[in-house]
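J.: After the structure tokens below, expect a handful of questions from me.
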Amino acid sequence: MAFNNPQKPFNLKPQDFGKDFVFGVSTAAYQIEGAHTVHDKGTSIWDQFTSKKGNTFNNQHGQIACDFYNRFEADILLMQSMNIKHFRFSLAWSRILPNGTGTVSAEGIDFYNRVINFCLKCGITPWVTLYHWDLPQALQNKGGWVNREVLSWFENYAQVCATHFGDRVKNWMVLNEPMVFTGAGYFLGVHAPGNRGLKNFLPAVHHAMLCQAIGGRVLRALVSNAHIGTTFSCSQITPFRDTPKDIRAAQKADALLNRLFIEPLLGFGYPTEHVPVLRRIETYIKPQDLKNAVFDFDFIGVQNYTREMVRHHYLVPYLRAKIVKASKRHVKTTLMDWEVYPPSMYSMIEQFNQYKGINKIIITENGAAFPDMLVDGKVHDIERLHYLQAYLEQVHKAKKDGLNVAGYFVWTFTDNFEWAEGYHPRFGLVYTNFLTQERIVKASGKWYQAFLGS
């Protein structure tokens, strides 16, 4: 595979993607900010989840993380020096509304105003995600995403953010990867808030689906010249064997992982034909819900890292399908045991392009974790560098083939708190020393800097 050839030349330049194509980096509030109790900030479900032993790698938490709250100016200046002109970050709901609703925190608003203003001062365009997994614990105590009242809670939160920041922030994303935060957080229990079972998952899915559109409508109404999207996790799904059972299993996995949230948004309803258990979601659907789930987003954020191979497995409830781990398939993998498979990027751009109603696609996350080593003050992360080049080549191929893709954001800027995996997987273009908070630009970061400056 081309990825494995370190001598393979990478000849692309930003202008090869078109004059309006945007390049940037992506981050998330809980993963970088720290300052978990500063001023009147409320507790989030990730503050709560990480406080319980056994939930995360080595019981690690994001109480300090990258200390972005106190170091944002230095980090944004570093971004500027690396020729990065587009910065995606999320707002911490409980920093703005400590109790989820009610009183707005003046300090929380002030913090994000300072971040936004400093970005603009440095010539960096802010791209803001409203919700990146950190629901206020006060709302989780009332059921969180399982409680239909989350529709009004989220609408209020979106209104507060649009009102305070919409005069300067024009690029918005409503939700980050709803399949992940509902699946991992409300079905498998491996992410916050740690709930399990269909009784939690199905209402959480439906309410998140409705909030996608609610957030979009609020931003459209309150922000002039807004450029509004929402983001989806996705992976190319391939049958492990060319058998009818494995092909059916792959169709089920694709429906659940790649189609569950995009299709109702476009007016097609839930993909129940391949995942019959989803019909139980009808319990939570009220009149006009499916109509209200539709919103005409300016762009869809596609977040792709790998592909998954799926086989039939009769012991897996509901799906009868199981992902075959990359490490068992003798393929090139990342530290997360994700297959390095650049064509997956092209495949997902192509798959999403087939939907009518998508105005354009932006790759809002792509990146990789490898066992980075700091040697003599440098990080020679050649595997990440080649990974990013190989995936970018697939984005360019899609663009050249006429597919509607308009941007690419690397996950992520600095090494950070990687949810349940803690600080073990490093995804950053910039190495973070979590003891001293020193930043060291890795080889991949230096390459991205040179690429963006070319």
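The values are calculated or read from the model by the stated rules, or taken from the named source; none is laboratory data. Values in this document were obtained by computation on a predicted structure and should not be read as measured data. In this analysis, Cβ positions are derived from the backbone assuming ideal geometry, glycine residues included, and neighbour counts consider all displayed protein chains. Please note that ligands, DNA and RNA were not included when accessible areas were found on the heavy atoms of the full protein model with its side chains. Shrake-Rupley method; radii C 1.70, N 1.55, O 1.52, S 1.80 Å.
J.: Please list, or write none, the lysines whose alpha carbon is within less than 30 Å of the alpha carbon of residue 199, excluding same-chain residues fewer than 8 places away.
T.: Counting by Cα, and skipping residues close in sequence, residue 199 has these lysines nearby: 52, 53, 142, 245, 252, 286, 291, 322, 325.
J.: Rounded, prolate or oblate, given the Cα gyration tensor of the range 186-285, with a/c below 1.5 counting as rounded?
T.: Note, shape of the range 186-285 comes out prolate.
J.: Let me have the relative contact order for the range 73-173, percent, based on Cα pairs under 8 Å that are six or more residues apart.
T.: Normalised by residue count, the contact order of the range 73-173 is 35 percent.
J.: Next up: Below 25 Å, Cα to Cα, which lysines can residue 85 reach? Residues fewer than 8 away in the same chain don't count.
T.: 13, 19, 121, 170, 360, 378, 397, 399, 400, 442, 446
J.: Residues of the range 91-151: accessible area per residue at 1.4 Å, in Å²?
T.: Here the residues of the range 91-151 average 31 Å² of exposed surface.
J.: Among residues other than residue 245 whose Cβ falls under 13 Å from its Cβ, what is the net charge (Lys/Arg +1, Asp/Glu -1)?
T.: Local charge sum for residue 245: +4.
J.: A follow-up question, please. Specify whether the C-alpha gyration tensor of the range 282-403 places it in the rounded, prolate or oblate class, a ≥ b ≥ c being the square roots of the eigenvalues: rounded for a/c under 1.5, otherwise prolate if a/b is larger than b/c and oblate if not.
T.: oblate
J.: Further, regarding this structure: Using Cα pairs under 8 angstrom and six or more residues apart, how large is the relative contact order of the range 202-361, in percent?
T.: 28 percent
J.: Now for a different question. Leaving out ligands, DNA and RNA, what percent of the accessible area of the range 313-454 is carbon and sulfur, probe 1.4 Å?
T.: So the carbon and sulfur contribution to the accessible surface is 52 percent.
J.: Expressed as a rounded percentage, what relative contact order does the range 300-397 have, with Cα pairs under 8 Å and six or more residues apart?
T.: Contact order relative to length: 31 percent.
J.: What are the DSSP H helices in the chain that stretch 24 Å or more along their long axis, judged by alpha-carbon atoms, and whose average Kyte-Doolittle hydropathy comes to at least 0.5?
T.: The answer, listed by residue number, is 198-222.
J.: Taking the Cα centroid of the range 358-414 and of the range 72-91, what is the distance between the two, rounded to the nearest whole Å?
T.: 17 Å
J.: A further question on this structure: Just check the chain against the gyration tensor rule for me: Cα atoms, a ≥ b ≥ c as the square roots of the eigenvalues, rounded for a/c under 1.5, and otherwise prolate or oblate depending on whether a/b exceeds b/c.
T.: Note, shape of the chain comes out rounded.
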